[in-house]
């Protein structure tokens, strides 16, 4: 999206470097993503919107879709692979090939609505994965967890009327995309956090709101929009979480998944733009999630 844009390939290199440095990489099965197909996309995005992305992706140079979201010649391919990674991860976890999966992908996806790209997002990776779990594997209850510093407006837009999906989230408010706080329901458990909220406030939101909702819903699979831009070192937002908070929430989700979902958790990277904090946070989250 441009040399100075925070959503860059350096993010994935920072994660990989930290996994290697921490020794975690040796315990992980590394699998290459494969592009999502039209049938995967059309479950959550309008056909006209997909056609627009395909037309825009076939050009040269850079096409600005909004003030901070731009496409270049490689964007569509990357977005298809990011979405396809979620589909593949669901298949692997459902088949028992993997106990759990983390998709280290970009661009992120949770701001992408049915017919709109925004907030660095083009295809809604988590929504595509959830819809695949429902359609291909016949699940009836899928939970989506989102702890990015920004509200996952696109995910809510897509699943607002789908009773098979529970979404629980925390996010800074008021803050971009200025949504979520007014749309809370039994299946959209959106918990806004004030700027400068830290681990205490985050953990309280999880314990008082997420966990009871998840217990009532009894999900057959948990999908996580894993955004690490709520870290205190990340100037993309104003929350104050640290690595221990991401590890803690991984333990909470693992307990729910073990009880109701046969341990099935798929996590997909969303935000996280301070490279050192991102790498450390992902490593802590994966260590807790995998029980290493």
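The values are calculated or read from the model by the stated rules, or taken from the named source; none is laboratory data. Nothing here was measured: the structure is a model prediction, and the numbers come from that model. No Cβ is skipped: glycine too gets one built from the backbone with ideal geometry, and neighbour counts run over all protein chains shown.
The residue list 268, 292 contains one member that is surrounded by fewer than 23 Cβ atoms within 10 Å (Cβ to Cβ), within 23 Å of residue 14 (Cβ to Cβ) and touching a helix residue (DSSP H, G or I) at 6+ places or on another chain (Cβ under 7 Å), which is 292. Please go through the stretch 121-151 and give me each residue that is part of a loop (DSSP other than H, G, I, E, B), touching a residue at least 12 places away in the same chain (Cβ under 8 Å) and surrounded by fewer than 24 Cβ atoms within 10 Å (Cβ to Cβ), ordered by number. Within the stretch 121-151, 139, 140, 141 qualify. In this entry, residue 261 is excluded by the filter for residues that are touching a helix residue (DSSP H, G or I) at 6+ places or on another chain (Cβ under 8 Å) and either modelled with pLDDT under 95 or crowded, with 20+ Cβ neighbours inside 10 Å (or both). When we screen 250, 226 for residues that are within 19 Å of residue 267 (Cβ to Cβ) and touching a residue at least 40 places away in the same chain (Cβ under 8 Å), the only hit is 226. Candidates are the residues of the stretch 37-77 that are more than 28 Å from residue 3 (Cβ to Cβ) and touching a helix residue (DSSP H, G or I) at 6+ places or on another chain (Cβ under 6 Å); the one that is surrounded by the most Cβ atoms within 10 Å (Cβ to Cβ) is 44.
The rows are residues; the columns are (1) more than 17 Å from the chain's Cα centre (by Cα); (2) part of a loop (DSSP other than H, G, I, E, B); (3) at positive phi.
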| residue | (1), (2), (3) |
| --- | --- |
| 181 | yes, yes, no |
| 190 | no, no, no |
| 196 | yes, yes, yes |
| 213 | yes, no, no |
| 233 | yes, yes, no |
| 237 | no, yes, no |
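Do we find a residue being within 21 Å of residue 118 (Cβ to Cβ), without any contact (Cβ under 8 Å) to a residue 24 or more places away in the chain and not in a loop (DSSP other than H, G, I, E, B) anywhere in the stretch 86-103? No, the conditions are met nowhere in the stretch 86-103.
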